[in-house]
Amino acid sequence: MNPPYSNPDDPELSALLREAHPAPVLPPRFQEGVWQRLQRAERAAESASPRGWLDNFVRRVLRPAYATAGLAAVMLAGTWFGIRAGDGQAYRTERTRYVAAVSPFERTAP
């Protein structure tokens, strides 16, 4: 049974309690690992939010390598569409000229 009175300032009692519950030896770089896990958890929470995925996407896309590749892709696509539009316009112009040259009765727009 418990004694009716125990003194918490008793040095013998404190030493006995310290022996009963020794401090565990932590692995090397334990505190750094804890902080890394906290940062990963924060990033996971940010990406789980509705706006977090957009922020994460923009952050990745605006990296210099991705931005350069994206700019090159947009420029290539614009060039391709411009060439296709120009080809269509040239085809229509040449067709009109051919029809005017072959058929003297065909009126062409000035």
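List pairs: first in segment 52-80 and more than 20 Å from residue 40 (Cβ to Cβ), second loosely packed, with under 10 Cβ neighbours inside 10 Å, Cβ under 7 Å, 6+ apart or cross-chain?
From segment 52-80, the pairs are 66/60.
Take residue 23 and decide whether it is of a type in the set (Gly, Ala, Ser), without any contact (Cβ under 8 Å) to a residue 60 or more places away in the chain and surrounded by 10 or more Cβ atoms within 10 Å (Cβ to Cβ). Steps first, please.
Details: of a type in the set (Gly, Ala, Ser): yes; without any contact (Cβ under 8 Å) to a residue 60 or more places away in the chain: yes; surrounded by 10 or more Cβ atoms within 10 Å (Cβ to Cβ): no.
Criteria not met by residue 23.
We did not get these values from a lab; they are worked out from the coordinates using the rules stated. On a predicted model such as this, the values are computed, not experimentally measured, just so you know. Cβ coordinates were reconstructed from backbone atoms using ideal geometry, including for glycine residues, and neighbour counts include every protein chain displayed.
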